[in-house]
Amino acid sequence: MLLLFVALQTPAFAAALFFEKYDWNLKPEFENVPSEGQSAVILKDLKAIEYFYDEDYNTLVQLYTVHSKIQVNTHEAVELYNKHYMPMNRVLGIEDLRVRVLTNDSVREIDEIDLKDYQGEDSYSSYKYFAIEGVEVGSQIEYIYTFKMMPKLEGSREFFQSDELKLNTEFHIFCESKMFFNIKCYNGFEEMALDTTIDGKNHYFAHIPKIEPLKPELYAPYRNSLMRVEYKLDHIQPADEVKLFTYEQLSNELNSYLRANISKKEIKALKRVSKDLKLQGMSESGKIRATENYIKRNITISDTGGDELTSLESILEKLVASQRGVIKLYVSLFDMNDVNYRYGLTSDRSRVTMDPEFESYSFLENYVFYFPGVDKYMAPTEMLYRLGFIPFNWSNNYGLLIKNVKLGETIAGIGDVQFIEPLAYDASEDILNVNVDFGDGFDNLNLDIERTLSGYNATFIQPIFEIIPESETKIVVTELLNLSGKDVDLYNFKLKNAGLDSFYLKPLIIRGTANTNSSFYDKAGDRDLFKIGELIGEQVEMYQEDERKLPVENEYNRNYVRHISFDIPDGFNISNLDDLNTNLSFQDQNGQDTMGFQSGYEVNGNTVTVSIYEFYKKLALPIDQFAAFREIINAAADFNKKVLVFEKG
């Protein structure tokens, strides 16, 4: 990006910066706004970004200004808004920070703001926050701040919708007149206009008087549905035809980086690893799995920088690498052992789905490999995933995948945006088999339970048995067998395929034997009640009456199979077996089942076998199919409440 630096190192304007002119109302008047049933109302939401050449830093920087005003209408809103967190990534300095609280009879500006540090969920996220004292129900919180930051020209985004009503939303981008941005607005946010009348500046802007709240809903792509803006620097005049920060450029840069400066010493070390792993003679799938297991079990990924974290020699010696260093190690081992692969990046659709029509590096969050020979993906830096199973929120999404193309003596990286198909429903199964023995009476039940988990259903469970202490294993098994919270004695259990060696290769199987004197049983007069539905465990309920706003999105396709068998004690009959019968399924336009819930029973002599099948074959559904989806979800919840009535006769 040397040309970019040269093009922008001489400022094209001397006009005052936005934040130097912008201010809040110096004589504010308190006006209580009708709450419209909202716990809080956002009266002002302004975000302004300004790019300029900073002579002190001798580089292009950006100023990021935020001005917010919030009316808090409930005690819950007071607790939520009396602290404000500010992300500090890329921040060089705080240029302005002011806070005040308005009531109907006072305006109190906070003179001393005590900034405290807060570390986010990952080491990349650092924050500062300040507490706001004296906030009461009905008061208004107002703050304004400006950060000087390193610019993120390659792609960024701003969200403008939340679960609160917003009454005055503004977004501004100021830059030199020779800088032009590519901007895309989503989910109904007003298209940004461009004003070129300011001397030496371009000004992109949008103003929306009112944004309705959007509440989170179960099984919904919430963040993807919020109003937002994606933006990135497109070109600099006069070189209009030279597009900046393209996927083609990134593909070549990544390819050059991953293949640069591999020394003879490093090649020797790579050959030693290949030999130790016995990769020669393995199938392609075997080579991939062995390489992945070796790296994930031995190499620690560090969030810090440094050349040694990208040096293959240092990585293989010290077993510590950066993310890019790990990718370089994968690529080098795959190249050496003739593995056919594509590598690239994708987003997490739970935050934002990658838009195939808008090139922005902001979508490129997570490294991913694709292997055409075995038609499987791999998440190279995610410890809890293995070949064939990437984090489920990366699928049903797009990704930039780069393949190697030999051009003469060099190898070029050619990038292409491709759709990452979600796995089929039968790749992630949950199979439950329960045999119930009533013994001498209904108040003394013996249970033989076997549960089999595969695919994503086992992701956060199968590996933990290598980590948790033995004393906690029974607690976990009790919960997995749907016995948690019951008055049950789990007196015997066994695990099969527990641990990383079986991860995504063999299903986790949990077997247990238990006895209970009170759970799953009740009595009503002279009738004995068997709470058979509770054996499948608690289920999600969606008995909502509010109008659905969002389409349906599952985490992953999945399949449930449950069998419950028992013998009817001599001298008894069951008066309501037919209550177990349910047959719900829904088809797409081609007549193929997309989801369903079916339950029924068979009687063979005194033995009753109840079978329940529940499946979700399609990850995303339009809102007009929500009612059908809810019916399936609630069918499982309804079954959980089923009770069989035993009568003497």
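If the condition is being assigned to a loop (DSSP other than H, G, I, E, B) and open to solvent by less than 20 Å² (accessible area, probe 1.4 Å), then segment 158-187 contributes F160, E164. Among the residues of segment 409-424, is any in contact with a helix residue (DSSP H, G or I) (Cβ under 6 Å, 6 or more places away or on another chain), touching a residue at least 12 places away in the same chain (Cβ under 8 Å) and of a type in the set (D, E)? No, because not a single residue in segment 409-424 is in contact with a helix residue (DSSP H, G or I) (Cβ under 6 Å, 6 or more places away or on another chain), touching a residue at least 12 places away in the same chain (Cβ under 8 Å) and of a type in the set (D, E). For segment 73-118, the tally of residues that are of a type in the set (A, V, I, L, M, F, W, C), within 20 Å of L43 (Cβ to Cβ) and part of a strand (DSSP E or B) stands at 6. Counting only strands (runs of 3 or more DSSP E) that sit completely within segment 359-439, those holding 2 or more residues that are open to solvent by less than 60 Å² (accessible area, probe 1.4 Å) and closer than 30 Å to Y601 by Cβ correspond to 429-437.
Mind checking which residues of segment 447-482 are surrounded by 15 or more Cβ atoms within 10 Å (Cβ to Cβ), of a type outside the set (S, T, Y), without any contact (Cβ under 8 Å) to a residue 40 or more places away in the chain and under 28 Å from D567 (Cα atoms)? Walk me through it before giving the result.
So in segment 447-482, the residues surrounded by 15 or more Cβ atoms within 10 Å (Cβ to Cβ) come out as 447-459, 461-463, 465, 473, 476-478, 480-482.
Next cut, of a type outside the set (S, T, Y) only: 447-451, 453, 455, 457-458, 461-463, 465, 476-477, 480-482.
In the following step, the residues that additionally are without any contact (Cβ under 8 Å) to a residue 40 or more places away in the chain were identified as 465, 476-477, 480-481.
Correct list: V477, L480, L481.
Out of Y543, Y491, Y504, which single residue is of a type in the set (F, W, Y), within 22 Å of D437 (Cβ to Cβ) and open to solvent by 20 Å² or more (accessible area, probe 1.4 Å)? Can you show your working first?
On the way: Y543 fails: within 22 Å of D437 (Cβ to Cβ); Y504 fails: within 22 Å of D437 (Cβ to Cβ).
After ruling out the rest, the residue left standing is Y491.
Is segment 32-53 home to any residue that is assigned to a strand (DSSP E or B), of a type in the set (S, T, N, Q) and touching a strand residue (DSSP E or B) at 6+ places or on another chain (Cβ under 9 Å)? No.
For A498, the conditions (1) in contact with a Pro (Cβ under 9 Å, 6 or more places away or on another chain); (2) surrounded by fewer than 19 Cβ atoms within 10 Å (Cβ to Cβ) are fulfilled apart from (2). The residue pairs whose first member lies in segment 355-378 and is closer than 23 Å to N187 by Cβ, whose second member is open to solvent by 30 Å² or more (accessible area, probe 1.4 Å) and part of a strand (DSSP E or B), and whose beta carbons are closer than 7 Å, counting only pairs six or more residues apart or on different chains, are P356/Y398; P356/V417; F358/K184; S362/R157. Among the residues of segment 52-87, those identified as in contact (Cβ under 8 Å) with a residue 12 or more places away in the chain and either among the acidic types (D, E) or touching a helix residue (DSSP H, G or I) at 6+ places or on another chain (Cβ under 8 Å) (or both) are Y53, D54, T59, L60, L63, T65, I70, V72, E76.
Of the numbered conditions (1) closer than 30 Å to T304 by Cβ; (2) in a loop (DSSP other than H, G, I, E, B), K128 fails exactly one; give the number of that condition. Condition not satisfied by K128: (2). In this structure, L329 qualifies as more than 14 Å from L387 (Cβ to Cβ) and either crowded, with 17+ Cβ neighbours inside 10 Å or under 28 Å from the mean Cα position of the chain (by Cα) (or both). Would you say Y57 is modelled with pLDDT of 95 or more and either open to solvent by 10 Å² or more (accessible area, probe 1.4 Å) or not basic (K, R) (or both)? Answer is no for this residue.
Quick one: which strands (runs of 3 or more DSSP E) sit completely within segment 188-245 and have at least 2 residues that are surrounded by 15 or more Cβ atoms within 10 Å (Cβ to Cβ)?
Per the criteria, 201-208, 228-236.
Candidates in segment 510-535 are the residues that are part of a helix (DSSP H, G or I) and open to solvent by less than 10 Å² (accessible area, probe 1.4 Å); of these, the one that is nearest to S575 (Cα to Cα) is I532. Considering only residues of segment 294-314 that are open to solvent by 30 Å² or more (accessible area, probe 1.4 Å) and touching a residue at least 40 places away in the same chain (Cβ under 8 Å), which is farthest from the chain's Cα centre (by Cα)? Among them, the one singled out is E313.
For first residues located in segment 243-255 and at positive phi, partners that are open to solvent by 20 Å² or more (accessible area, probe 1.4 Å) and lie 6+ apart or on another chain with Cβ distances below 7 Å form the pairs F245/E154; F245/Y361.
Mind counting the residues in segment 449-483 that are outside any helix (DSSP H, G or I) and closer than 25 Å to Y556 by Cα? Walk me through it before giving the result.
As a first pass, look at segment 449-483 and keep what is outside any helix (DSSP H, G or I): 449-454, 459-461, 467-469, 481-483.
When the remaining residues are screened for being closer than 25 Å to Y556 by Cα, the result is 450-454, 459-461, 481-482.
Within segment 449-483, residues that are outside any helix (DSSP H, G or I) and closer than 25 Å to Y556 by Cα number 10.
The values are calculated or read from the model by the stated rules, or taken from the named source; none is laboratory data. These numbers come from a predicted model, not from an experiment. Cβ atoms come from the backbone with ideal geometry, glycine included; neighbour counts cover every protein chain shown. Accessible surface is based on the protein model in full, side chains and every heavy atom, while ligands, DNA and RNA are left aside. Shrake-Rupley method; radii C 1.70, N 1.55, O 1.52, S 1.80 Å.
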